[in-house]
Amino acid sequence: MPPRKRVPKNGTALKMVGAQVAVLRVRKGLTQRQLAKLVRMEEETIASIEQGRRALMPDVAETMDRVLESGGVLAAGVEKLPAVDQVPLWAEEYLDRERDALAISSYENQVLPGLLQTDAYAEAVFRNRIPFLANDVVSAQTAIRIARREILRRETPVTLSFIVWEPTLRLKIGGPEVHRKQLAHLLSCSKLPGVSIQVYPLDRTSHPALDGPFVLLETPDYQRLAYAETQRGSQLISDMNEVSILERRYAMLRTQALNPEETRAELDRLLGE
């Protein structure tokens, strides 16, 4: 799959493109839900595009042009937008949701959750990206990830649950010293109000989430959402059936993982090694 072109998160530019989508949709006599079904997207995503909160990617623009019979207007408009930004646009809406969430549940099996990463670990993760990132890009993306940690110490604690597969805990990204400090940071975070960290051990004979990592969110208006990333993009999921499936998987993970006290003991043991 070819890499997607990035477009700006400049508010005016995104709102302009979003307004065009809305006008063309209405002219075609479609609701947001109907358009979402035709282009195989979430209704929530269509709403975000029209409101200028999420970028219209080039491949989606081409699909919408066909569905809305707009003669390539959207694809041409997206093509002319200047390329810039340090945050992948497919992640922006999730970051907005995360910032205001009442509760977050995160399962990871590749790297430690971004909210729990130390500065050095986060930088090491970005330096492992292929193609390699320039130093200024690594610095900018690391700073963005570090800023997200503010949610851990919000005045009114957020309910935060993290489940990490054991191999992720043992992977020494950045080297032994970075790994040691990261383990100590996890131990410290596990003692914060509202924070639960659990390790899913390797000795289990079953695993309810082999399809990969995901995040569950509860918004301030009590909407339940899910978020999943792939190698080249992401999906914010609002369909309640799909969210329910991931919630059930997370519930199984929690029952089979080490409990928070056992996890702290495991972190102590790894630090002792």
Given H placed 1.01 Å from N in the peptide plane, which residues other than close sequence neighbours of L102 have an amide H under 5 Å from its amide H? E218, T219
Cβ-derived FRET efficiency at R0 25 Å, S139 paired with K172, nearest 0.05: 0.65
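If you filter the range 112-153 for trypsin sites (Lys or Arg not before Pro), then keep DSSP loop positions with at most 13 other Cβ within 10 Å, what is left?
In loop regions of the range 112-153 (DSSP not H, G, I, E or B), the sparsely surrounded trypsin sites (Lys or Arg not before Pro) are R129.
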Out of the range 91-190, which GluC sites (Glu not before Pro) are coil in DSSP terms and have no more than 14 other C-beta atoms within 10 Å? E155
What is the order of I104, I130, I197, fewest Cβ neighbours within 10 Å to most? I130, I104, I197
Can you pull out the chymotrypsin sites (Phe, Trp or Tyr not before Pro) in the range 193-273 whose DSSP state is coil and whose Cβ has at most 13 other Cβ atoms within 10 Å? Y222
Thinking of the chain as a set of Cα atoms, what percent of all their pairs are more than 33 Å apart? 27 percent
Modelled label-to-label distance, K80 and L202, 7 Å Cα→beta-carbon offset: nm? 5.6 nm
For the range 255-267, take each phi angle, set θ = phi - 60°, evaluate the Karplus expression 6.51 cos²θ - 1.76 cosθ + 1.60, and give the result in whole Hz per residue in order, putting x for glycine and proline. 6, 9, 7, 4, 6, x, 5, 5, 5, 4, 5, 5, 5
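Bear in mind that the values in this text are calculations on the coordinates, not laboratory data. From a predicted model like this one, the values you see are computed outputs, not experimental measurements. Backbone-built Cβ (ideal geometry, glycine too); neighbour counts: all protein chains shown.
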